[in-house]
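*Asks:* Quick one: the structure is below, and I'll ask about it shortly.
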Amino acid sequence: MNDTPKSLAQEDSQYVLHPASSITALLDQGPQMIVSAKGSTITDADGNELLDAVGGLWCVNAGYGRPELAQVVKEATEQLAYYHTFSNASNPWQVQLAKKLLQLAPSNLGKVYFGSGGSDANDTLVKIAWHYHSLRGKSTKTKVIAREQAYHGTSISTASLTGLGGFHKEYPLPLDFVLHTDCPHFYTRGLEGETEQQFCDRLIDNVAKLIEKEGADNIAAFFAEPIHAAGGIIEPPAGYYPKLKTLLKQHDILLVADEVVCGYGRLGTWFGSDQLDIEPDMLSTAKGLTSGYFPMSAAFITDEIFDVLKEGSAKIGAFSHGYTYSGHPVGCAVALANLNIIENEGLVERAKENGAYLHARLLEELGDHKNVGEIRGRGLLAGVQLVKDKVNKELPDPADKWPAKVTAMMRKNGVIVRPLPSVGTLAISPPLVITRDEIDRLVSEIKAAIDAEI
Ligand code: PLP
């Protein structure tokens with residue numbers, strides 16, 4: 001291959017249709033050609049080094065350039081490059097990984113289903129919820145509740161669950177099995193004079209009213225990211241999840257934690273459910289499962305759900321759902337090695353400690369800034385809410401593109417954070433190996449870019 005990364009960058013727009021990208025911007029500016037990475041730093045085709053404070057797409061938890069993961073890919077590929085797992089075929093890595101994951105996951109979860117990414121994990125759990133209810137003679141339980149400003153993926157069903165309008169506007173979505181309820185963001189949605197607890201109770205009451213209106217007999221599940229990621233780094237008020245769980249349980253509605261971002265240490269515990277008191281009936285993960293080194297997802301269910309599927313299997317045969325790459329031997333080997341790195345290097349504890357440091361530094365530098373309304377998140381997941389008016393909590397006009405302007409300036413200065421334009425927020429989700437010096441640099445570049453661009 002004689003092509004250099006630079007010449008390939010020139011040809012990119014000729015051949016590639018990029019995901020979630022503006023074609024006009026590609027034609028104007030060319031692609032952002034990334035050619036190598038190590039730790040928390042990526043390098044582009046011009047040799048510029050950039051501190052990647054988003055960890056790719058919220059996924060490179062163990063950091064870039066791990067030789068031990070490259071070695072595992074090589075060895076597993078040489079030993080068993082592929083074999084499917086349909087019709088009860090298996091491989092040693094899938095079994096070891098499932099066993100390991102169940103040691104780490106919330107204790108009420110008892111079985112794991114493997115796939116290739118977050119969207120397919122959530123698709124799988126929608127189908128399992130339908131299947132579960134149907135096998136129990138409740139086949140009308142098909143609707144699924146999700147929240148405004150949630151992000152659950154871009155397949156047809158998960159884009160429907162997603163509560164961000166941009167993912168619906170060109171399509172006949174959301175499909176009508178989806179019901180959306182309130183985004184639990186007190187800062188932007190609390191009413192004048194309302195306390196956070198009153199806000200929490202109002203939201204739970206709204207879910208109760210929605211269940212009453214639609215009929216509990218028609219509702220299968222409720223999907224929730226422990227902390228909304230792409231929708232703005234939003235954590236519900238204290239007590240929200242236990243109250244939600246009690247309500248859903250009364251109505252035989254399954255609670256699904258979408259931990260595609262929050263899983264595998266991001267919040268300073270192995271799973272967000274552990275620290276936010278969620279007790280999910282099902283839980284989806286991807287991203288940090290392999291730190292992005294292999295496309296892979298793991299979806300978890302309780303033993304109680306499994307027992308229903310087991311009885312169903314005896315009565316009606318196979319659960320007809322699966323992906324060519326479910327339980328991929330190389331993916332499972334990589335995931336196992338990645339979890340070992342996270343465990344052996346104490347990256348979950350490190351996310352907790354350095355996460356506390358990140359939040360403290362953000363508060364110190366930006367807490368009083370006139371254009372910063374709220375700094376939120378947990379562990380190494382943080383959001384900086386930009387505001388036009390701090391006192392009145394007035395958010396920036398999306399047309400002014402503040403988050404994009406700030407992040408473009410930061411990029412010029414060698415630091416990547418993610419703009420969330422619809423909510424006027426900057427999102428931070430670095431590799432869990434980020435150092436304190438890198439955090440200091442990140443925070444000072446955020447401040448400099450806000451000062452320069454707003
Ligand atoms: N769920 C959440 C919370 C996500 O953030 C994402 C992706 O960002 C997904 C699901 C979809 O994952 P994927 O892009 O791997 O399909």
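Throughout, read-outs are computed from the coordinates displayed, never taken from laboratory work. Everything quoted here is computed from the prediction, not taken from an experiment. Here Cβ is always computed from backbone atoms with ideal geometry, including for glycine, and neighbour counts include all displayed protein chains.
*Asks:* Just tell me which aspartates and glutamates come within less than 14 Å, Cα to Cα, of residue 143; anything on the same chain fewer than 8 places away is out.
*Replies:* 123, 176, 212, 214, 217, 252
*Asks:* Further question: In the stretch 406-448, which trypsin sites (Lys or Arg not before Pro) are in a loop and have at most 13 other Cβ atoms within 10 Å, using DSSP for the loop call? It would help to have the intermediate numbers written out before the result.
*Replies:* Working: sites: 411, 412, 436, 441, 447; in loops: none.
Those that pass, being in a loop and sparsely packed, number zero.
*Asks:* Non-local amide H neighbours of residue 219 (under 5 Å, H modeled in plane, Pro and chain starts lacking H): which ones?
*Replies:* Answer set, sorted by chain and number: 142, 143.
*Asks:* For the stretch 284-311 and the stretch 69-143, what is the separation of their Cα centres, given in Å?
*Replies:* 4 Å
*Asks:* Would you work out if the stretch 102-235 is rounded, prolate or oblate? Take a ≥ b ≥ c from the square roots of the eigenvalues of the alpha-carbon gyration tensor; rounded if a/c is under 1.5, else prolate when a/b is larger than b/c, oblate otherwise.
*Replies:* Working: a/c = 1.41, a/b = 1.35, b/c = 1.05.
In terms of gyration-tensor shape, rounded.
*Asks:* Using label points projected 7 Å from each Cα along Cα→Cβ, tell me how many nm separate residue 10 and residue 422, to one decimal.
*Replies:* Rounded to a tenth, the inter-label distance reads 3.8 nm.
*Asks:* Counting other C-beta atoms within 10 Å, which of 235, 148, 311 has the fewest, and how do the rest follow?
*Replies:* Details: 235 21, 148 17, 311 12.
The most exposed by this proxy come first: 311, 148, 235.
*Asks:* Can you work out the Karplus-derived ³J(HN,Hα) for every residue in the stretch 294-299? Use 6.51 cos²θ - 1.76 cosθ + 1.60 with θ = phi - 60°, whole Hz, and x for glycine or proline.
*Replies:* 8, x, 7, 9, 9, 10
*Asks:* Using DSSP to call loops (not H, G, I, E or B), can you name the GluC sites (Glu not before Pro) in the stretch 176-226 whose Cβ has at most 12 other Cβ atoms within 10 angstrom? The partial results should precede the final answer.
*Replies:* Details: sites: 192, 194, 196, 212, 214; in loops: 192, 194.
Answer by residue number: 192.
*Asks:* Could the peptides 335-343, 167-175 be put in order, highest first, of the mean number of other beta-carbon atoms found within 10 Å of their residues? Kindly include the intermediate steps, with their values, before the conclusion.
*Replies:* Details: 335-343: 21.4, 167-175: 13.7.
Going by the mean number of other Cβ atoms within 10 Å, highest first, we get 335-343, 167-175.
*Asks:* May I pose another question? Counting pairs of alpha carbon atoms under 8 Å apart in space and at least six apart in sequence, what relative contact order in percent does the chain give? Numbers along the way, then the final one.
*Replies:* On the way: 889 pairs, mean separation 94.6, N = 454.
With pairs under 8 Å counted, the relative contact order is 21 percent.
*Asks:* So if each residue of separation counts as 0.36 nm, and I subtract the Cα-Cα distance between residue 310 and residue 436, what length gain in nm does that give?
*Replies:* Values: separation 126, 0.36 × 126 = 45.36 nm, distance 4.91 nm.
Additional length available on full extension: 40.5 nm.
*Asks:* Output wanted: per-residue J couplings in Hz (rounded whole) for the stretch 217-222, from phi through Karplus 6.51 cos²θ - 1.76 cosθ + 1.60, θ = phi - 60°, x for Gly and Pro.
*Replies:* Calculated HN-Hα couplings, in order: 5, 10, 10, 8, 7, 10 Hz.
*Asks:* Give, rounded to the nearest 20 debye, the magnitude of the charge dipole that the chain has about its Cα centre when Lys and Arg contribute +1 at Cβ and Asp and Glu contribute -1 at Cβ. Don't skip to the answer; put the middle values down first.
*Replies:* Details: 42 positive and 56 negative charges, 128 e Å.
Roughly 620 debye for the chain.
*Asks:* Give me the extension gain from residue 3 to residue 23: residue separation times 0.36 nm, minus the current Cα-Cα distance, reported in nm with one decimal.
*Replies:* On the way: separation 20, 0.36 × 20 = 7.20 nm, distance 2.31 nm.
Full extension from residue 3 to residue 23 adds 4.9 nm.
*Asks:* Which shape class, rounded, prolate or oblate, goes with the stretch 214-331 when its Cα gyration tensor gives a ≥ b ≥ c as root eigenvalues, a/c under 1.5 marks rounded, and past that a/b bigger than b/c marks prolate? Before the final figure, lay out the partial values.
*Replies:* Working: a/c = 2.19, a/b = 1.05, b/c = 2.10.
Oblate, since a/c reaches 1.5 and b/c is not below a/b.
*Asks:* Amide H to amide H under 5 Å from residue 110: which residues, 5+ apart in sequence or cross-chain, H placed 1.01 Å off N in plane?
*Replies:* So residue 110 has HN proximity to 301, 302, 303.
*Asks:* While we're looking at this one, here's another question. Between rounded, prolate and oblate, where does the chain land on the alpha carbon gyration tensor, with a ≥ b ≥ c its root eigenvalues, rounded for a/c under 1.5, else prolate if a/b exceeds b/c?
*Replies:* On the way: a/c = 1.63, a/b = 1.13, b/c = 1.44.
Cα axes put the chain in the oblate bin.
*Asks:* In whole Hz, with x marking every Gly and Pro, tabulate ³J(HN,Hα) for the stretch 69-78 from phi via Karplus 6.51 cos²θ - 1.76 cosθ + 1.60, θ = phi - 60°.
*Replies:* So the J values, rounded to whole Hz, are 6, 4, 5, 5, 4, 4, 5, 5, 5, 5.
*Asks:* A follow-up question, please. Mind checking the stretch 10-93 for chymotrypsin sites (Phe, Trp or Tyr not before Pro) that DSSP puts in a loop (not H, G, I, E or B) and that have at most 15 other Cβ atoms within 10 Å?
*Replies:* Numbers: sites: 15, 58, 64, 82, 83, 86, 93; in loops: 82, 83.
Those that pass, being in a loop and sparsely packed, are 82, 83.
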